[in-house]
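Working notes, structure below.
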Amino acid sequence: MDELKQRLNSIFADGYHNLLLMEETKRKYSSASFSFRDRTAIDFLVKNPEGRPVSDVADYLKISRPSTTTLIKKLEKNGLVTKVPDPYNNRSTIVKVTRKGRQYFRYQSQYREDMVKIVVAGMSDEEKEVIYEGFRRLNQFFIASINESEEKHK
């Protein structure tokens, strides 16, 4: 492996490790810490202000309905979402993000924006496009890996 590939491999490993440490540190020192999955659910619901059935949240997160119900209960307990009966299906519940949930989403959006500012500070437009393309390809790799795993386990 050439030197650049070794450096990239190392930075990916370190980055993943640091993400896990950040997650654990937030949980350790916060009374209401939220996982990446919790934040992803909030992001999904903010983009669907009319609310979504629990089953749609589960499908989006690619987790079981019981796991989604547990996640929703946690978010509801913390005031970030609310559940209401589905007016079209008596057996279904609609999950909506609350005002507090939208505020939390704005905080998380600002956090991500701050990360982007740090990463691209001092870069030329060409360098920004290169890093964007690299992250886009990395995201495609993750999606392909997810799809491959799902296909193997069908």
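Can you give the convex hull volume per residue for the Cα atoms of the stretch 103-143, as a whole number of Å³?
70
Kindly give the semi-axes, whole Å and largest first, of the ellipsoid equivalent to the stretch 1-51, taking each as the square root of 5 times a Cα gyration tensor eigenvalue.
32, 18, 5
Identify which of the listed values of Rg and Dmax of the Cα atoms in Å was calculated from the structure shown: [x] 14.3, 42; [y] 18.6, 60; [z] 19.9, 68.
Checked against the structure: label [y].
Please report, as a whole percent, how much of the solvent-accessible surface of the chain comes from carbon and sulfur atoms (probe radius 1.4 Å).
56
Can you give me the accessible area per residue for the chain, using a 1.4 Å probe, in Å²? Show your work: numbers first, answer last.
Values: 11590 Å² over 154 residues.
That works out to 75 Å² per residue.
For the chain, find the longest principal axis of its Cα atoms and tell me its angle to the long axis of helix 36-46, 0 to 90°, nearest 10.
60
Does anyone have the angle between helix 125-152 and the longest principal axis of the chain? Alpha-carbon axes, 0 to 90°, nearest 10?
So the inclination is approximately 60 degrees.
Residue separation times 0.36 nm, minus the C-alpha to C-alpha distance between Arg99 and Asp2: what's the value?
My answer for the length gained is 29.9 nm.
So how tilted is helix 65-77 from the main axis of the chain? Cα-based, degrees 0 to 90, rounded to 10.
In the chain, helix 65-77 runs at an angle near 80 degrees to the longest axis.
Give me the percent relative contact order of the chain, please, defined on Cα pairs under 8 angstrom at least 6 residues apart.
16
Choose one of Ser109, Gly15, Val130: the residue whose Cα lies farthest towards the positive end of the charge dipole of the chain (beta-carbon charges +1 Lys, Arg; -1 Asp, Glu; about the Cα centre).
The Cα lying farthest towards the positive end belongs to Ser109.
Extension gain Ile146-Leu19, at 0.36 nm per residue separation less the Cα-Cα distance, in nm?
43.8 nm
Using only Cα atoms, figure out Rg for the stretch 34-124 and give it as a multiple of 2.2 N^0.38 Å.
Numbers: Rg = 15.0 Å, N = 91, 2.2 N^0.38 = 12.2 Å.
In units of the 2.2 N^0.38 Å rule of thumb, it is 1.23.
For an R0 of 35 angstrom, estimate the FRET efficiency from the Cβ-Cβ distance between Lys154 and Lys26 and round to the nearest 0.05.
Details: r = 35 Å, r/R0 = 1.00.
That pair, Lys154 with Lys26, gives E of 0.50.
For the pairs Lys26/Lys100; Lys28/Lys152; Lys74/Lys96, note any where the Cα-Cα span goes beyond 25 Å.
Lys28/Lys152
The values are calculated or read from the model by the stated rules, or taken from the named source; none is laboratory data. These figures come from a predicted structure and were not determined experimentally. A quick note on method: Cβ atoms are made from the backbone with ideal geometry, for glycine too, and the neighbour counts reach across all protein chains shown. These accessible areas exclude ligands, DNA and RNA; they are computed on the full protein's heavy atoms, side chains included. Shrake-Rupley method; radii C 1.70, N 1.55, O 1.52, S 1.80 Å.
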